[in-house]
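Here the structure is laid out as structure tokens; the discussion comes afterwards.
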């Protein structure tokens, strides 16, 4: 990837979370000429300060990308865009500390997996008033990150972080952002353009909640089943028994989404065939399990099950898989 400057004016952008996806955003935006600040800690912070961000993509050799790296939000200050690239389970404990990154004009863009804390805050839809305990147990995220300043985000990209401060972009590079309440606004179009100009192909969506649920249809199946079986997605879809479980999980997830008023028309067999066509894929959740990291089970299964309970939709397999995956993620002893 050539280090070319963006056609967009330089922007002040903070990336919260310097892992694979956060590093991917940071590298592309910094190389495009934006002032990028990474909020990091521990060995990652040390590596970023010492070596910069080491970034490799399919179309370019490794580059050392200069970025500002800080341990505290107050050392960064108010930003125009704040990209939340943390695992969902990390956000409740950090949300209050992010206040120095925001002023009244700042835009908050969460890009994690599963359902975000703001998903049910949209007025006039069947889940209105439901606070997702799975991802915002005490409402602290909602208080710290004002709903009016949020854009929804979905990322379809395969990236890894083999060492602190090192990011590899393997494949895929499609981003969707949008207003939580729907429609394309001036700000969603503006930020889609900024990201797109920086080599992060981005669409401003008319219905970001639908887009997030469509992505969830895959994550809610492949991720937890891969953890339970320690199998790649091709093996999950080639085995008749796990394929049947995959299809049932997707059917339950689809039923919840439709009951939530989302216009999702997807053929399950076709969606599974598309996943199988990707070949051997080790899910991010299986990678986290193998590395001893916490799993994003609450955002990917817990939050949809909260929606199911509110809507009166039965999801027995999803509930069972969540219970089993939680046990699998708990160290024996």
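The values are calculated or read from the model by the stated rules, or taken from the named source; none is laboratory data. None of these values were measured; they are calculated from a predicted model. Cβ coordinates were reconstructed from backbone atoms using ideal geometry, including for glycine residues, and neighbour counts include every protein chain displayed.
Condition (residue is at pLDDT below 95, buried (at least 23 other Cβ atoms within 10 Å of the Cβ), touching a strand residue (DSSP E or B) at 6+ places or on another chain (Cβ under 8 Å) and assigned by TED's automatic domain parsing to the domain that holds residue 174) applied to the stretch 132-154: is it met by at least one residue? Taking every residue of the stretch 132-154 in turn, none turns out to be at pLDDT below 95, buried (at least 23 other Cβ atoms within 10 Å of the Cβ), touching a strand residue (DSSP E or B) at 6+ places or on another chain (Cβ under 8 Å) and assigned by TED's automatic domain parsing to the domain that holds residue 174. Restricting attention to the stretch 213-229, the residues being within 22 Å of the chain's Cα centre (by Cα) and over 27 Å from residue 261 (Cβ atoms) number 4. Per the listing 81, 98, 48, 94, the residue uniquely more than 25 Å from residue 287 (Cα to Cα), out of contact with any helix residue (DSSP H, G or I) (no Cβ under 6 Å at 6 or more places or on another chain) and modelled with pLDDT of 95 or more is 81. Candidates in the stretch 220-230 are the residues that are buried (at least 20 other Cβ atoms within 10 Å of the Cβ) and in contact (Cβ under 8 Å) with a residue 40 or more places away in the chain; of these, the one that is farthest from residue 264 (Cα to Cα) is 227. Would you mind stating whether residue 205 is under 21 Å from residue 155 (Cα atoms), buried (at least 16 other Cβ atoms within 10 Å of the Cβ), touching a strand residue (DSSP E or B) at 6+ places or on another chain (Cβ under 6 Å) and at pLDDT 95 or above? So residue 205 fits the description; yes.
For the stretch 155-196, a tally of residues being farther than 30 Å from residue 281 by Cα, free of Cβ contacts under 8 Å to residues at least 60 places away in the same chain and buried (at least 18 other Cβ atoms within 10 Å of the Cβ) returns 2.
Could you tell me whether residue 208 is in contact (Cβ under 8 Å) with a residue 40 or more places away in the chain, under 19 Å from the mean Cα position of the chain (by Cα) and over 29 Å from residue 280 (Cβ atoms)? Against the criterion (in contact (Cβ under 8 Å) with a residue 40 or more places away in the chain, under 19 Å from the mean Cα position of the chain (by Cα) and over 29 Å from residue 280 (Cβ atoms)), residue 208 qualifies.
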